[in-house]
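Trainee: Below are the structure tokens for one structure; questions will follow.
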Amino acid sequence: MPALIPDEYLGDVHQRLLFYKRISNTDTQEKLDNIRMELIDRFGVPPQPVKQLFAVHQIRLKAEQLGITKIDISANGGHIEFSPETPVQAISIIQMMQKHPTFFRMDGGQRLKVMVMLEDYQKRIQFIVDLLDSLLKEIH
């Protein structure tokens, strides 16, 4: 699914680019929520591509806290790459793999293979959010 601000929602190219820049430079969930509310106040209820854009950036914010450098998950699974400086303890990942051995396995030292088939985009996003939230609980 596209994660963007469509022309039909916000016709002014300059304004769209400013919102993209503000969203990409956001470093907290609160700031991201404020931008979302501003869009709603100014342009009305956002269409699905805008909702997807905010979902992707919400994931980005959580991933940054976890030291995750890349998330690549499609309908057929994918992988999550951790930086060497990740605050996530190896034991947390090991316990997760033991709890769900058909979902996860390590693929090298910093890469977690995800073997979940999720064709529905919303379910895939929710799976990633839940996974990141569980890892965030472990580090806090």
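The values are calculated or read from the model by the stated rules, or taken from the named source; none is laboratory data. As the structure is a computational prediction, the values presented were derived from the model and not from experiment. Reconstructed Cβ throughout: ideal geometry from the backbone, glycine too, with neighbour counts over all protein chains shown. We work out accessible area using only protein heavy atoms, side chains counted, and drop any ligands, DNA or RNA first. Shrake-Rupley method; radii C 1.70, N 1.55, O 1.52, S 1.80 Å.
Trainee: Mind checking which residues of segment 59-83 are at pLDDT 95 or above and in a loop (DSSP other than H, G, I, E, B)?
Mentor: Selection gives Leu66, Gly67, Ser83.
Trainee: Here's another thing I want to ask about it. Can you tell me which residue within segment 44-55, out of those that are assigned to a helix (DSSP H, G or I) and out of contact with any helix residue (DSSP H, G or I) (no Cβ under 8 Å at 6 or more places or on another chain), is nearest to Leu4 (Cα to Cα)?
Mentor: Only one residue tops the list, namely Pro49.
Trainee: Also, quick follow-up: Name the residue, out of Ile59, Ile5, Ile68, that is aliphatic (A, V, I, L, M) and over 30 Å from Phe104 (Cβ atoms).
Mentor: Ile5
Trainee: Of everything in segment 15-27 that's more than 14 Å from Arg42 (Cβ to Cβ) and either free of Cβ contacts under 8 Å to residues at least 24 places away in the same chain or assigned to a helix (DSSP H, G or I) (or both), which residue is most open to solvent (accessible area, probe 1.4 Å)?
Mentor: This residue is Lys21.
Trainee: Being without any contact (Cβ under 8 Å) to a residue 12 or more places away in the chain, in a loop (DSSP other than H, G, I, E, B), of a type in the set (D, E, K, R) and open to solvent by 20 Å² or more (accessible area, probe 1.4 Å), is that true of even one residue in segment 31-43?
Mentor: no
Trainee: Being within 27 Å of Leu135 (Cβ to Cβ), out of contact with any strand residue (DSSP E or B) (no Cβ under 9 Å at 6 or more places or on another chain) and surrounded by 15 or more Cβ atoms within 10 Å (Cβ to Cβ): is that true of His57 here?
Mentor: The answer is yes for His57.
Trainee: Something else: Quick one: Ile139 ticks every box in (1) over 30 Å from Arg36 (Cα atoms); (2) touching a residue at least 40 places away in the same chain (Cβ under 8 Å); (3) open to solvent by less than 80 Å² (accessible area, probe 1.4 Å) bar one, so which box is it?
Mentor: Result: Ile139 fails condition (1) only.
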